[in-house]
Amino acid sequence: MTLVDRARGCFELARPGNAVAAGVLTFTGAFVSGAGSAQALPAALAVAATVFATGAGNAVNDYFDREIDRINRPDRPIPRGAVSPRGALLFSAALFLGATVCAALLPPLAIAIAVVNLLALVAYTKFFKGLPGVGNVVVAYLTGSTFLFGDAAVNPVDAGGVPFSDATLVLFGLAAVATLTREIVKDVEDLEGDREEGLRTLPIAIGERPALWLGVVAMLLAALASVLPYLRGTFGLVYLAFVLPADVVMVGAAVRSFRDPSAGQRRLKQGMFLAAGAFVVGRAAAILGVGV
């Protein structure tokens, strides 16, 4: 195995597409909360911390999942021999260090979120992943919290102040529920390997269809909550015109998962980013004074 092969394996471990996407969500949280050009540096530090932490979490997850991946994902770097388990741990530690350095320069609330998230990333793969529903909730929180982290990075909380904007909180909830539903669908896809390893994921504990129905109901409730920024006057009709199609995509994807889990979870991810885009468009329209 050459040095280039090992470097490529480490690059794959971090899943750069997912890491960069998480950074985009953090930037979205900062923008939706009302950040301007004066907050460019803390926003950039928050994005970098998110990218590093997500990559680190992906790498350490592959370390703990290396036996399961020999069944479910044999093409991943550790099962195919591109990276050793020890090498994956060292690479993950380096990325965690980068995330820590970036986060340490942010306001106290952002640092607190970063600490909780770093601990949750490690605890998820070691303790929570095999517990019915618990691992799904942890991943859902981690995804949604990228928006809270972006908000906290650019909006230091004064004494008695409100820590997050209404729009950021709704976006957090919508993203968290979409991710929860997607994680349930992914567990349905991975039933064979999870059973082999003796894991107690939600579909194994309560059955595939009840688990998928739980995801559908949660997604419907989140879609209903997505209109709150419009009802409260935070965003106008432009926001509503963009978020409602995103809701349709996500709810439809949850229903589609009954017959095609793989396609369903991909569509859920697409719908979540469409929803994030709706919040960006809503904030931009509010700044420009159009569609209100």
> Given the structure, is L142 assigned to a helix (DSSP H, G or I), of a type in the set (A, V, I, L, M) and in contact with a Cys (Cβ under 6 Å, 6 or more places away or on another chain)?
Replying inline: no
> Can you name the helices (runs of 4 or more DSSP H) wholly within segment 186-229 that have at least 1 residues being in contact (Cβ under 8 Å) with a residue 24 or more places away in the chain and among the basic types (K, R)?
Replying inline: 208-225
> Across segment 98-132, what is the total count of residues that are free of Cβ contacts under 8 Å to residues at least 40 places away in the same chain and touching a Phe, Trp or Tyr at 6+ places or on another chain (Cβ under 8 Å)?
Replying inline: 2
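Does V188 satisfy the criteria of being modelled with pLDDT of 90 or more, closer than 26 Å to M219 by Cβ and among the aliphatic types (A, V, I, L, M)?
no
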> Is at least one residue of segment 22-37 on the phi > 0 side of the Ramachandran plot and of a type outside the set (K, R)?
Replying inline: yes
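Residue by residue, here is whether (1) modelled with pLDDT of 90 or more; (2) farther than 30 Å from I287 by Cα; (3) hydroxyl-bearing (S, T, Y); (4) surrounded by 23 or more Cβ atoms within 10 Å (Cβ to Cβ) holds:
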{"residue": "D5", "(1), (2), (3), (4)": "no, yes, no, no"}
{"residue": "T50", "(1), (2), (3), (4)": "yes, no, yes, yes"}
{"residue": "G55", "(1), (2), (3), (4)": "yes, yes, no, yes"}
{"residue": "N72", "(1), (2), (3), (4)": "no, yes, no, no"}
>> Of everything in segment 90-120, what is crowded, with 19+ Cβ neighbours inside 10 Å and not in a helix (DSSP H, G or I)? Give them in sequence order.
In response: L106
> Which helices (runs of 4 or more DSSP H) does segment 1-89 wholly contain that include 3 or more residues that are more than 24 Å from D194 (Cβ to Cβ) and without any contact (Cβ under 8 Å) to a residue 24 or more places away in the chain?
Replying inline: 3-14, 40-64
> Any idea which of (1) part of a helix (DSSP H, G or I); (2) at positive phi; (3) small (G, A, S) is the one A278 doesn't satisfy?
Replying inline: (2)
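The values are calculated or read from the model by the stated rules, or taken from the named source; none is laboratory data. Since we're looking at a predicted model, the values are computed, not measured. Note that each Cβ is placed from the backbone with ideal geometry, even for glycine, and that neighbours are counted across all protein chains shown.
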